[in-house]
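Step one of this worksheet: look at the structure below.
Every number here is computed from the coordinates shown, using simple stated rules; none is lab data. Just so it is clear, the model here is predicted, and its values are computed rather than measured. All Cβ positions, glycine included, derive from the backbone under ideal geometry; neighbour counts span all protein chains shown.
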Amino acid sequence: MFIVPQGKTSFILPVAIKDTSSTTGAYKTGLTNGSVTIAYSRPDQGNAGATAVTLSSGTRGTWSSGGFAEKDSTNDKGLYEFGVPNAALAAGADWVEFSVQDAGSNNVAPQKILVLLSDAIRGVGAPTALPNAAAGANGGLPALDSNLRVASNLSAVNGDATAAANLAKTTRAIGRGTVGASATTTSIPTSALTPSDSVASQFKGKIITFDADTTTPALRSQSTDITATNGSGTLTVTALTTAPASGDTFSIT
């Protein structure tokens with residue numbers, strides 16, 4: 001069995017043929033395009049029978065439609081290259097089966113070769129639960145980088161590109177900070193603050209919310225309002241229930 005993309009062209013199918021006269025299961029050498037017949041069947045042929053392929057003498061390693069050539073009668077006995085007609089692999093079917101038979105009395109063992117036709121986007125059978133668009137493209141699954149992070153920009157939210165742009169601007173307006181030393185319930189010096197506190201009262205009126213996993217358990221997810229800042233990274237707030245410890249982290253919204 002092989003898996004080949006739908007619509008693939010110039011595909012060379014390896015065909016291994018056994019010798020029916022052999023009692024040891026040997027492979028048949030020396031066959032030509034006149035020694036065998038090959039036909040293919042697809043589920044989209046409807047009520048029609050299999051499609052016979054017109055075989056011709058092929059050149060090893062080179063595709064031609066219906067080309068048939070022996071690979072190596074010494075080092076790989078019984079292996080032949082068959083140039084699959086492009087129509088056999090066309091889109092519109094999930095599989096194609098090739099039937100190889102003896103064209104006369106050449107001791108050719110008949111065989112069936114199943115090729116699954118894979119959708120270029122969704123794989124074999126094109127499951128409809130998956131989007132029919134390339135990863136990272138509009139309508140496709142998110143593309144991930146080597147760290148399993150979304151590698152491409154989010155272009156829309158619920159189909160609205162404006163919403164995606166507004167969401168990006170909103171998230172950039174959220175501040176982040178880390179508590180420094182000697183904080184109290186109403187005064188919070190910071191060891192890190194983004195954006196920086198560059199002028200007095202820059203964050204006045206905003207809300208500080210401690211992270212759900214911050215160091216001090218009593219402050220986890222607790223919020224309070226900022227009543228002033230000194231322009232140097234110290235925040236004055238409405239009293240918290242507990243004084244923050246150095247290293248506590250928070251957001252400013």
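Looking only at region 232-253, which residues have a backbone nitrogen under 19 Å from a spot 7 Å from the Cα of SER187 in the C-beta direction?
Hits in region 232-253 for SER187 at 19 Å: 232-248.
Sequence gap at least 6, Cα distance under 8 Å: using those rules, report the relative contact order of region 172-252 to the nearest whole percent. Kindly include the intermediate steps, with their values, before the conclusion.
On the way: 213 pairs, mean separation 33.7, N = 81.
Relative CO of region 172-252 lands at 42 percent.
Which of SER10, ALA245, GLN101 sits closest to the plus end of the dipole of the chain, meaning its Cα is farthest towards the positive end, when Lys and Arg get +1 and Asp and Glu get -1 on the C-beta?
Highest projection toward the positive end goes to ALA245.
For region 2-122, state what percent of all Cα-Cα pairs lands in each successive 5 Å bin, counting from 0 Å until the bin that includes the largest distance.
Per 5 Å bin, starting at 0, the Cα pair percentages come out as 2, 12, 21, 23, 19, 13, 7, 3, 1, 0.
Simple spin-label model, 7 Å along Cα-to-Cβ: THR241 to THR51 in nm?
7.3
Looking only at ALA156, ALA69, ALA243, which one moves most when the chain is put into a Gaussian network model with springs between Cα atoms under 10 Å?
ALA243
Looking at the chain only, what percent of DSSP beta bridges run antiparallel? Nearest 5 please. List each step's numbers first, then the result.
Working: 52 of 58 bridges.
Roughly 90 percent of the beta bridges in the chain run antiparallel, per DSSP.
Test of understanding: ordering ILE17, ILE3 by Cβ neighbours within 10 Å, fewest first, what list do you get? Walk me through the numbers before you get to the answer.
Numbers: ILE17 24, ILE3 12.
Lowest count first: ILE3, ILE17.
Which of ILE188, ILE12, ILE38 moves the most in a Gaussian network model of the chain with Cα springs under 10 Å?
ILE188
Antiparallel as a % of all DSSP beta bridges within region 2-122, to the nearest 5?
Details: 27 of 33 bridges.
DSSP beta bridges in region 2-122 are roughly 80 percent antiparallel.
Please compute the net charge surrounding LEU219, taking Lys and Arg as +1 and Asp and Glu as -1 over other residues with Cβ under 13 Å from its Cβ.
On the way: positive: ARG220; negative: ASP211, ASP213, ASP248.
Local charge sum for LEU219: -2.
So for region 2-122, averaging the separation of alpha carbon pairs under 8 Å that are six or more residues apart and normalising by length, what relative contact order in percent results? Present the calculation step by step, with values, prior to reporting the outcome.
Values: 287 pairs, mean separation 43.6, N = 121.
Relative contact order for region 2-122 comes out at 36 percent.
Using R₀ = 25 Å, calculate the FRET efficiency as 1/(1 + (r/R₀)^6) where r is the Cβ-Cβ separation of ALA212 and ALA168; round to 0.05.
Working: r = 23 Å, r/R0 = 0.93.
Rounded to the nearest 0.05, the efficiency is 0.60.
Can you compute 3J(HN,Hα) from phi for each residue in region 7-21, using the Karplus curve 6.51 cos²θ - 1.76 cosθ + 1.60 with θ = phi - 60°, rounded to whole Hz and x for Gly and Pro?
x, 5, 10, 6, 8, 9, 9, x, 10, 9, 10, 8, 9, 5, 7
Mind putting a number on the dipole of region 2-122 about its Cα centre? Charges go on the C-beta only, +1 for Lys and Arg and -1 for Asp and Glu, and I need it in Debye to the nearest 20.
Numbers: 9 positive and 10 negative charges, 13 e Å.
Charge dipole of region 2-122: 60 debye, to the nearest 20.
With a sphere of radius 12 Å drawn around the Cβ of GLU97, what net charge do the other residues whose Cβ falls strictly inside it have (Lys, Arg +1; Asp, Glu -1)? Provide the component values of the computation, followed by the final result.
On the way: positive: ARG42, LYS112; negative: ASP94.
Neighbour charge sum, excluding GLU97 itself: +1.
When the helix-only estimate is applied to the chain (DSSP H runs of n ≥ 4, each -39,500 (n - 2.57), divided by the residue count), what is the mean residue ellipticity at 222 nm, nearest 500 deg cm²/dmol? Before the final figure, lay out each step's value.
Details: 1 runs with 12 residues, N = 253.
Rounded to the nearest 500, the figure is -1500 deg cm²/dmol.
Estimate the FRET efficiency between SER146 and LEU116 by the formula 1/(1 + (r/R0)^6), using the beta-carbon distance for r and 30 Å for R0, to the nearest 0.05. Walk me through the intermediate numbers first.
Details: r = 30 Å, r/R0 = 0.99.
Taking R0 as 30 Å, the efficiency between SER146 and LEU116 is 0.50.
Taking the Cβ-Cβ separation of ALA156 and THR253 as r and a Förster radius of 35 Å, what is the calculated FRET efficiency to the nearest 0.05? Show your work: numbers first, answer last.
Details: r = 24 Å, r/R0 = 0.69.
For R0 = 35 Å, the calculated efficiency reads 0.90.
Normalise the Cα radius of gyration of the chain by 2.2 N^0.38 Å (N = residues in it) and let me know the number.
Against the compact-globule rule of thumb, the ratio is 1.93.
To test your reading of the geometry: what angle, between 0 and 90 degrees and rounded to tens, separates the Cα axis of helix 161-172 from the longest principal axis of the chain?
50
Just add up the charged neighbours of SER65: K/R +1, D/E -1, any other residue whose Cβ is under 14 Å from the Cβ of SER65. Display every interim value, and only then the final one.
Working: positive: LYS8; negative: GLU81.
Charge balance in the 14 Å sphere: 0.
Cut-off under 27 Å on the C-alpha distance; same-chain residues fewer than 8 positions from LYS206 excluded. Which lysines are left, in chain and number order?
Within reach: LYS169.
Which of LEU116, LEU55, LEU144 moves the most in a Gaussian network model of the chain with Cα springs under 10 Å?
Its mean-square fluctuation being the largest, the pick is LEU144.
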